[in-house]
Amino acid sequence: MKKNTRVFHISDKTYEDQVREAASILRAGGTVAFPTETVYGLGADALNEQAVMQIFEAKGRPADNPLIVHVDSKESCLKLVRAIPDKASILMEIFWPGPLTLIMERKEIVPDVTTGGLETVAVRIPENKIALELIKYAGIPIAAPSANLSGRPSPTTAEHVLSDLSGRIDALIDGGGVSIGVESTVIDMTSEIPAILRPGKISKEELETYIGEVQVAYDDKVHPESETVRSPGMKYTHYSPKSGVILVEGEHDNVVSRIKELIDDFSLRNAKTGLLLTEESKSEFPVHLSYSIGEKDKPEQAAKHLFFGFRYLDERNIDVIIVDGSFKPDGIGMAVFNRVRKAADMIIKV
Ligand code: TXA
Ligand code: MG
């Protein structure tokens with residue numbers, strides 16, 4: 001069904017009215033995209049099946065891929081889960097509001113559509129003023145996956161949301177660019193040793209400081225054939241631009257020379273390349289179509305710019321995006337590598 005997507009541009013003067021209006025759309029069972037600190041989310045009433053189904057329809061998302069439910073307090077979380085395990089409680093104290101999603105056993109009230117039929121539910125409190133007020137005014141838990149068409153890079157600006165979902169959702173709150181740029185860390189708290197299902201800004205090491213041993217239950221591949229992965233999202237292509245993606249991983253000098261060879265190869269075959277570079281490698285390709293994801297020793301910059309860069313190059317009608325993988329894999333850098341590897345058609349280690 002074609003929708004007329006309303007866009008709320010946030011300004012200080014009208015801020016409250018607009019967020020209230022968006023909240024009333026959510027309460028009435030509509031879909032509203034909104035900024036969070038990680039990426040833009042596409043929200044609907046998590047307890048209303050019809051509303052949640054509209055999220056799946058708008059995104060073209062497979063029905064077995066469950067959604068994250070966003071709340072504004074631990075009390076609201078308690079209405080959704082059977083119990084909060086001790087370690088989960090510790091993580092909530094330390095990291096909420098923030099980019100950490102906790103998986104716990106669900107109560108009956110959370111419908112199957114929201115959890116993809118699982119007996120667990122993913123919950124987080126986002127750390128973004130607009131998101132928090134929206135949840136507060138709506139007074140209901142908000143299911144919200146990233147606000148992109150399924151399989152596309154997550155949106156980090158309101159323009160990205162519109163380019164994927166205009167006419168498919170009821171409203172969008174334009175709150176400017178996001179601060180982190182990759183999605184939250186997802187951790188399953190239902191196993192004896194909690195397990196990270198998706199890496200994000202909050203790293204394994206950071207989590208272990210507070211709750212002891214944590215397992216890693218994700219890898220950087222896509223598993224199309226598998227039906228038993230722990231996080232259904234692992235089965236599907238993710239974060240992908242339309243163009244092909246080649247990731248070149250290694251030290252700066254080696255990466256630069258391999259990218260030069262690749263450009264030559266592709267130009268012989270009349271294929272157009274676009275580059276995602278680091279600040280350090282930029283000067284090596286002065287005339288080439290490129291976008292910088294930031295300094296190689298500051299992976300938080302790569303996090304912020306990666307999805308933007310994918311979309312920027314994708315709009316320029318190229319055949320292949322070549323990614324400079326010489327940035328640091330520390331902390332959030334791990335999460336950035338995870339996203340690029342999943343998007344990549346080919347990974348070259350030099
Ligand atoms: O930062 C974020 O987490 C953003 C913002 C909008 O909050 N949301 C987001 O949602 O990235 P989404 O739907 O794009 O990713 C949710 C991931 C998927 O990989 C899904 O499979 C997994 O979390 N997930 C959700 N519920 C789960 C559950 N009960 N068990 C296992 N995995 C779950
Ligand atoms: Mg997503």
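Some notes on this structure:
- Qualifying residue in region 327-337 (condition: modelled with pLDDT of 95 or more and open to solvent by 30 Å² or more (accessible area, probe 1.4 Å)): yes
- Pairs, first closer than 19 Å to VAL69 by Cβ in region 140-155, second of a type in the set (Lys, Arg) and open to solvent by less than 30 Å² (accessible area, probe 1.4 Å), C-beta under 9 Å, six or more apart: PRO145/LYS59; SER146/LYS59; ALA147/LYS59; ASN148/LYS59; SER150/LYS59; SER154/ARG339
- ILE347 surrounded by fewer than 18 Cβ atoms within 10 Å (Cβ to Cβ), modelled with pLDDT of 95 or more and among the β-branched types (Val, Ile, Thr): yes
- Residue in region 91-111 that is free of Cβ contacts under 8 Å to residues at least 12 places away in the same chain, more than 30 Å from LEU313 (Cα to Cα) and away from ligand 2 (no atom under 16 Å from the Cβ) present: yes
- Residue match in region 55-64 (condition: at negative phi and away from ligand 2 (no atom under 16 Å from the Cβ)): no
- Among the criteria (1) within 23 Å of ARG258 (Cα to Cα); (2) under 14 Å from the mean Cα position of the chain (by Cα), the one PHE308 does not fulfil is (1).
- ALA88 modelled with pLDDT of 95 or more, more than 20 Å from SER154 (Cβ to Cβ), in contact with a helix residue (DSSP H, G or I) (Cβ under 9 Å, 6 or more places away or on another chain) and not in a loop (DSSP other than H, G, I, E, B): yes
- Checked against (1) modelled with pLDDT of 95 or more; (2) under 18 Å from ALA158 (Cα atoms), ASP12 passes all but a single condition, namely (1).
- Scanning region 262-290 for residues that are open to solvent by less than 20 Å² (accessible area, probe 1.4 Å) and part of a loop (DSSP other than H, G, I, E, B) gives THR278, PHE285.
- Number of residues in region 114-130 that are within 23 Å of ILE10 (Cβ to Cβ), touching an Asp or Glu at 6+ places or on another chain (Cβ under 8 Å) and within 16 Å of ligand 2 (Cβ to nearest atom): the value is 1.
- Filter pass, THR14 being at negative phi, open to solvent by less than 10 Å² (accessible area, probe 1.4 Å) and among the β-branched types (Val, Ile, Thr): no
- In region 115-125, the residue that is surrounded by the fewest Cβ atoms within 10 Å (Cβ to Cβ) out of those that are among the β-branched types (Val, Ile, Thr) and within 21 Å of MET53 (Cα to Cα) is THR120.
- Applying the criterion of being in a helix (DSSP H, G or I) and surrounded by 22 or more Cβ atoms within 10 Å (Cβ to Cβ) to the residues of region 92-114, the residue that is nearest to ligand 1 (Cβ to nearest atom) is THR114.
The values are calculated or read from the model by the stated rules, or taken from the named source; none is laboratory data. Model, not experiment: these values are computed from the prediction. Neighbour counts are summed over all protein chains in view; Cβ atoms, including those assigned to glycine, are modelled from backbone coordinates with ideal geometry. These area figures cover heavy atoms from the full protein model, side chains too; ligands, DNA and RNA do not enter into them. Shrake-Rupley method; radii C 1.70, N 1.55, O 1.52, S 1.80 Å.
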